[in-house]
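Visitor: Structure in structure tokens, see below.
The values are calculated or read from the model by the stated rules, or taken from the named source; none is laboratory data. Please read all numbers here as calculations on a predicted model, not as lab measurements. All Cβ positions, even for glycine, are placed from backbone atoms using ideal geometry, and neighbour counts span all protein chains on display.
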Amino acid sequence: MAKNVKSKRTKARRLKGFRDISADDVLARDMMISRIREVYERYGFAPLETPALEYVDVLGKFLPEADQPDGGIFAFRDEDEEWVALRYDLTAPLSRFVAMNRDLPMPYRRYQVGPVYRVEKPGPGRFREFFQFDFDSVGTSSMLADAECCMVMCDTLEALGILRGDYVVRVNDRKVLNGVLEKVADGEALSDRVGLHILRSIDKLDRVGIEGVEQLLGPGRKDESGDFMSGVGLGAKQIDVVIRYLSIQEKTRAATCDALQQLVEGIAVGMEGVAELREIDEALRGGGYDEDRVVIDPTVVRGLAYYTGPVFEGVLTFDVVDEKGVTRQFGSVFGGGRYDNLVQRFTGQQMAATGASIGVDRLLAALQAIGKTQVDSAIAPALVTRLDKNLTAEYQRMAQELRSAGINTELYVGKQGIGKQFKYASDSGKTVAIVMGEDELQSGEVSIKDLRLGVELSQEIGSDRKKWLEEQPAQFSTPRSGLVKSIQEVLARYSAI
RNA sequence: GCCGGCGUAGCUCAGUUGGUUAGAGCGCCUGCCUGUGGAGCAGGAAGUCCUUGGUUCGAAUCCAAGCGUCGGUACCA
């Protein structure tokens, strides 16, 4: 019988890869987002919001033949049998928006923050619903816009308290990479698949090292777990081109450009890429952003899909030791690049665009790890208790008085006795509790309890509970008229600033 | 996608070579104490032992698959 009833109860469960985010983290994230927004706005980017749901073809995810959307996204059919999906980034919706609003003043510069959704295996710091915070410039092919992306990245990270030297923005250009691929091909045709494979191998440099890349480009590579990854199967001469490319490490951006130019000399697309990097370098120098903040790094690949020119990523360079004693690094928290073909899908006309995106959750985790996100977890520092339910109207008046004075104040709305009310106040992080009963009403006073002090003093109570109850060392009385002032005084004891 | 660890109360976990009614600590609720947080004492609620199938007289325990979770690797628009 009873078992039968229980089996009908709804099981409390949550979708894989999704999270509940509690007060502290929400507050920390909000604070972070507002600081980022300030930086974006400082550069003239304006907000945009788009729906969470889009048509699948707008997102660019569909298999022309199979009547099924591509994997990796949350999709379903709407009431008109159309395929609809949750957005998996903020760039595709931006492209759609620009295509639908052709009268926007160009360049159009917008920022957008919000959750995006992907169906992938959740991992450490990887979820199926996560926040991105993007900014983009649409409608200009000027490298100044790309250089500005790098500057905004720097300013953003510093605005969040990350010190110069603890991060670096790395820049590369897809055209340079394409030039290198062309040189590897050496006149032969290089299939897209092989090109892709080479780029992926390059992308793994910081994980597997230069020897690892060499193996990946050649016969393949076995990692320490014994897993074998098949290689690209390039010849020694071809591998040498890539290795020489990856070995370029010059002191200045200009010198790096020189070295790159030497490598892709005579290859049109490569030369074009180097020229773009030179323009970016110049713009960065004009803005005062030197090599201590932005470097040209040939090893940057950044995804493989729609980037057409410069690509950049913001990387945190410090390590953090987590609670298990394991050293972790956060790596890339910011990524972006130029995508000149994305709006064309809708309009048939090329529309230049460039921008970058913050992985909000990862950056927040990094900030929390280095203690740059102190938030006060108690929204309201004050609790008005209800000792005598008949005096509720007076309690409400006191609460309103405090609120009018700018003190977030909670009126106890539960049904428990005063003892439980103090426990509640303490457990929910309140700093101060206000008590008024018959005694106080008679004498025209209120009792105020410093809960934090109470916690401290309670360590020393020992067994003499009666004495503690009589003396109440953390509590004092004050005239009813001085309520606000007294509360302010108690709160001032603990105010951080 | 592939490889591995782990799934027992809200949490952290114990549970003998397979054996009767599945335990502990913390937390929660009630009372001692209806005007006070800690401590103490007394009592209480709370379990599909992840699921399904198999082996067995008998399974939380052994086997298989699945699901979940954590980690490695791949992918990352």
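Visitor: What is the one condition in (1) within 16 Å of RNA strand B (Cβ to nearest atom); (2) closer than 22 Å to A:E182 by Cβ; (3) aliphatic (A, V, I, L, M) that A:M229 does not satisfy?
Guide: Of (1) within 16 Å of RNA strand B (Cβ to nearest atom); (2) closer than 22 Å to A:E182 by Cβ; (3) aliphatic (A, V, I, L, M), only one is false for A:M229: (2).
Visitor: Take the conditions surrounded by 11 or more Cβ atoms within 10 Å (Cβ to Cβ), assigned by TED's automatic domain parsing to the domain that holds A:Q488, within 14 Å of RNA strand B (Cβ to nearest atom) and among the β-branched types (V, I, T) and apply them to A:I407. Does it pass?
Guide: Criteria not met by A:I407.
Visitor: Still on this structure, I have one more. So, in the range A:105-136, exactly how many residues are assigned to a loop (DSSP other than H, G, I, E, B), touching a residue at least 24 places away in the same chain (Cβ under 8 Å) and away from RNA strand B (no atom under 16 Å from the Cβ)?
Guide: Count: 2.
Visitor: If a residue has to be more than 26 Å from A:A399 (Cβ to Cβ) and either more than 6 Å from RNA strand B (Cβ to nearest atom) or surrounded by 13 or more Cβ atoms within 10 Å (Cβ to Cβ) (or both) to count, how many in the range A:459-473 make the cut?
Guide: Residues in the range A:459-473 being more than 26 Å from A:A399 (Cβ to Cβ) and either more than 6 Å from RNA strand B (Cβ to nearest atom) or surrounded by 13 or more Cβ atoms within 10 Å (Cβ to Cβ) (or both): 8 in total.
Visitor: Can you name the residue in the range A:348-364 that is surrounded by 23 or more Cβ atoms within 10 Å (Cβ to Cβ) and outside any helix (DSSP H, G or I) and, of all such residues, is nearest to the chain's Cα centre (by Cα)?
Guide: A:I358
Rundown of residues vs (1) over 30 Å from A:R493 (Cβ atoms); (2) aliphatic (A, V, I, L, M); (3) assigned to a strand (DSSP E or B), yes/no style:
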residue	(1), (2), (3)
A:G336	yes, no, yes
A:A366	yes, yes, no
A:Q374	no, no, no
A:A380	no, yes, no
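Visitor: Name the one entry in A:D67, A:D25, A:D57 that is under 27 Å from A:A305 (Cα atoms), in the same structural domain as A:R109 (by TED's automatic domain parsing) and either within 16 Å of RNA strand B (Cβ to nearest atom) or modelled with pLDDT of 65 or more (or both).
Guide: Exactly one residue qualifies, and that residue is A:D57.
Visitor: Conditions: (1) farther than 15 Å from A:L205 by Cα; (2) hydroxyl-bearing (S, T, Y); (3) surrounded by 15 or more Cβ atoms within 10 Å (Cβ to Cβ). A:T252 meets all but one. Number of the miss?
Guide: Just one mismatch for A:T252, condition (3).
Visitor: Still on this structure, I have one more. Any residue at all in the range A:194-204 that is more than 32 Å from the chain's Cα centre (by Cα) and not aromatic (F, W, Y)?
Guide: Yes, the conditions are met somewhere in the range A:194-204.
Visitor: Further, regarding this structure: Among the residues of the range A:476-485, which ones are part of a strand (DSSP E or B) and of a type outside the set (G, A, S)?
Guide: Correct list: A:F476, A:T478, A:P479.
Visitor: Check off (1) at pLDDT below 90; (2) among the β-branched types (V, I, T); (3) more than 30 Å from the chain's Cα centre (by Cα) for A:I243 and give me the number that stays unchecked.
Guide: Among (1) at pLDDT below 90; (2) among the β-branched types (V, I, T); (3) more than 30 Å from the chain's Cα centre (by Cα), A:I243 violates only (1).
Visitor: Please pick out the residue among A:S481, A:S426 that is free of Cβ contacts under 8 Å to residues at least 60 places away in the same chain, under 30 Å from A:D25 (Cα atoms) and either near RNA strand B (Cβ under 7 Å from one of its atoms) or over 39 Å from the mean Cα position of the chain (by Cα) (or both).
Guide: After ruling out the rest, the residue left standing is A:S426.
Visitor: Let me ask something else about it. In the set A:R221, A:R253, which member is over 16 Å from A:G179 (Cα atoms) and either without any contact (Cβ under 8 Å) to a residue 40 or more places away in the chain or not assigned by TED's automatic domain parsing to the domain that holds A:K183 (or both)?
Guide: A:R221
Visitor: A further question on this structure: Quick check on this structure: which one of A:V301, A:V320, A:V311 is surrounded by 15 or more Cβ atoms within 10 Å (Cβ to Cβ), assigned to a loop (DSSP other than H, G, I, E, B) and in contact (Cβ under 8 Å) with a residue 12 or more places away in the chain?
Guide: Details: A:V320 fails: assigned to a loop (DSSP other than H, G, I, E, B); A:V311 fails: assigned to a loop (DSSP other than H, G, I, E, B).
Going through A:V301, A:V320, A:V311 in turn, the sole match is A:V301.
Visitor: From (1) assigned to a helix (DSSP H, G or I); (2) surrounded by fewer than 19 Cβ atoms within 10 Å (Cβ to Cβ); (3) not aliphatic (A, V, I, L, M), pick out the condition that doesn't hold for A:G161.
Guide: The one condition A:G161 does not meet is (1).
Visitor: Moving to a separate point now. Which residue out of A:A92, A:A12, A:A99 is at pLDDT 90 or above and either part of a strand (DSSP E or B) or within 16 Å of RNA strand B (Cβ to nearest atom) (or both)?
Guide: Going through A:A92, A:A12, A:A99 in turn, the sole match is A:A92.
Visitor: Just to be sure before I move on: is A:V294 of a type outside the set (D, E, K, R) and under 29 Å from the mean Cα position of the chain (by Cα) in the structure I sent?
Guide: Answer is yes for this residue.
Visitor: How many residues are buried (at least 17 other Cβ atoms within 10 Å of the Cβ) and not hydrophobic (A, V, I, L, M, F, W, C) when one looks only at the range A:220-249?
Guide: From the range A:220-249, those buried (at least 17 other Cβ atoms within 10 Å of the Cβ) are A:221, A:231-232, A:234, A:238-239, A:241-242, A:245-246, A:248; that's our starting set.
Next, only the ones that are not hydrophobic (A, V, I, L, M, F, W, C) stay: A:221, A:231, A:238, A:245.
Qualifying residue count, the range A:220-249: 4.
Visitor: Restricting to the range A:202-216, give me the number of residues that are near RNA strand B (Cβ under 9 Å from one of its atoms) and of a type in the set (D, E).
Guide: Looking only at that region, the number is 1.
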